[in-house]
Amino acid sequence: MSEFTMDLSEEQKEIREWLHGFSVDVIRPAAAEWDEREETPWPVIQEAAKLGIYSLDFYAQQYFAPNGLGIPMIMEELFWGDAGIALSIVGTGLAAVGVVANGTEEQIGTWIPQMYGDASEVKVAAFCSSEPDAGSDVGSMRTRAVYDEAKDEWVLNGTKTWATNGGIANVHVVVASVDPELGTKGHASFIVPPRTPGLSQGQKFQKHGIRASHTAEVVLEDVRVPGSCLLGGKDKLDERLARAREKAKKGGERVKNAAMATFEASRPAVGAMAVGTARAAYEVALDYAKTREQFGRPIIDNQGIAFQLADMRTQIDAARLLVWRASWMAASGQAFTAAEGSQSKLFASEVSKKVTAQAIQILGGNGYTREYPVERMHRDSAIYTIFEGTSEIQRLVIARTLAGVPIR
Ligand SMILES: Cc1cc2nc3c(=O)[nH]c(=O)nc-3n(C[C@H](O)[C@H](O)[C@H](O)COP(=O)(O)OP(=O)(O)OC[C@H]3O[C@@H](n4cnc5c(N)ncnc54)[C@H](O)[C@@H]3O)c2cc1C
């Protein structure tokens, strides 16, 4: 186990500086425009691709850093730039991780390149799990995948919602039920290749924040995919289903909610995004408080303002520490015995919402306008307490872990 450290390696420090420069020079100047347009910022993604920031390799290298701090450091810097644009850059990663976690070597080699495209023609991918009646309650998923043995094809039917990049993706990763009686244990993930008939985009959502990131429904009507598109392959699925059926027969042994448990490992990354947005708003508020004068002195000279800034900074630093602890634990193979991943996401996302609201207050009327970025940061930060498990679900996971009862 590597020792816990708060020192980034020399290479990580260089990457952080470089990403910070990208945020300052490319992301920040584009943020307001793409927020207003509510469209995917393709030119910015392309710029990221040219520099090597838009590729699985870049994230994979940092994912395997022994100190575990690479991914949180990347997320914090990109989301410091702008949350909507940063999500457009890292959103494909959610689908890519689904393939890497469940797919065979061949599937990884075939599909990951098609998810990202290349710098001359960038592509995006979507991970489609949530449904209109299955958000927090993943177990009530209705999308079905039925095997057509004669043709060695899977037939998918259902409606997915809230999919980041849904409908505009080159590759969709779709989670569907192959055996509804088994709940989440009967779920499997499928690749839907580019231009597959039957997959269409439903409603595109007009959102409160992260408006540069595309979010839409994905409708699946008799979508046929080859057997090779089942992630992990049929033999592995059949074995897994047989084990789950056996357990169910033995008296309904309660099994962990797989989705809740899986997300536990990815939650610190969302916490790091929240830290990035909170830090961005805090920095704007600090600068403003030092320069804005009322009653003949900078407003930071008032204890009411200075103490708010002190609390904001303290909470952001505490949030980062929880994120780094969970990331280090995951990297060094330690089990989350107190749902440390959920703790980090819960705390950081709530801090981000609070700190960005305080930033608006410190900027007064200016904070409430689109002339300054803090109102956008506040709108953006609301997503962190919702996606990848709401704050209530994080509390539920933490509480049940502490109580020693299954997470369901
Ligand atoms: C912008 C955006 C992007 C997204 N991207 C993706 C994506 O790429 N892929 C994907 O699959 N999904 C995605 N999601 C979906 C997201 O993960 C869900 O919105 C989230 O899981 C919550 O589900 P829900 O919206 O159905 O809310 P619900 O589950 O209906 O929850 C509503 C409220 O009830 C509370 N609640 C529910 N159950 C409990 C309980 N047991 N105890 C206490 N409170 C409870 C919740 O905390 C919440 O406050 C995205 C969502 C958004 C908004």
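The values are calculated or read from the model by the stated rules, or taken from the named source; none is laboratory data. Only a predicted model underlies this, so the values are computations on that prediction, with no experimental measurement involved. Methodologically, a virtual Cβ is constructed for each residue, glycine included, from the backbone with ideal geometry; neighbour enumeration extends over all protein chains shown.
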Worksheet item: Residue check: is residue 395 at pLDDT 95 or above and of a type in the set (Lys, Arg)?
Response: yes
Discussion item. On the basis of being within 16 Å of the ligand (Cβ to nearest atom), part of a helix (DSSP H, G or I), touching a residue at least 12 places away in the same chain (Cβ under 8 Å) and farther than 16 Å from residue 59 by Cβ, does residue 85 make the cut?
Written reply: yes
Discussion item. Please verify whether residue 153 is away from the ligand (no atom under 13 Å from the Cβ), among the acidic types (Asp, Glu), in contact with a strand residue (DSSP E or B) (Cβ under 8 Å, 6 or more places away or on another chain) and not assigned by TED's automatic domain parsing to the domain that holds residue 106, treating the condition exactly as stated.
Written reply: yes
Discussion item. Given the options 369, 337, name the one that is modelled with pLDDT under 95, in contact with a helix residue (DSSP H, G or I) (Cβ under 8 Å, 6 or more places away or on another chain) and not assigned by TED's automatic domain parsing to the domain that holds residue 80.
Written reply: 337
Worksheet, complete the sentence: Of the listed residues (384, 372), the one being closer than 19 Å to residue 82 by Cβ, aromatic (Phe, Trp, Tyr), more than 16 Å from the ligand (Cβ to nearest atom) and surrounded by 13 or more Cβ atoms within 10 Å (Cβ to Cβ) is 372
Discussion item. Looking at the structure I just gave you, is residue 303 without any contact (Cβ under 8 Å) to a residue 12 or more places away in the chain, farther than 25 Å from residue 210 by Cα, out of contact with any strand residue (DSSP E or B) (no Cβ under 6 Å at 6 or more places or on another chain) and assigned by TED's automatic domain parsing to the domain that holds residue 373?
Written reply: yes
Worksheet item: Identify, please: which residue in the stretch 285-315 is among the charged types (D, E, K, R) and outside any helix (DSSP H, G or I) and is, among those, farthest from residue 360 (Cα to Cα)?
Response: 297
Worksheet item: So which residues in the stretch 101-114 are away from the ligand (no atom under 16 Å from the Cβ), of a type outside the set (Ser, Thr, Tyr) and either more than 21 Å from residue 51 (Cα to Cα) or crowded, with 23+ Cβ neighbours inside 10 Å (or both)?
Response: 103, 105, 106, 107, 108, 109, 111
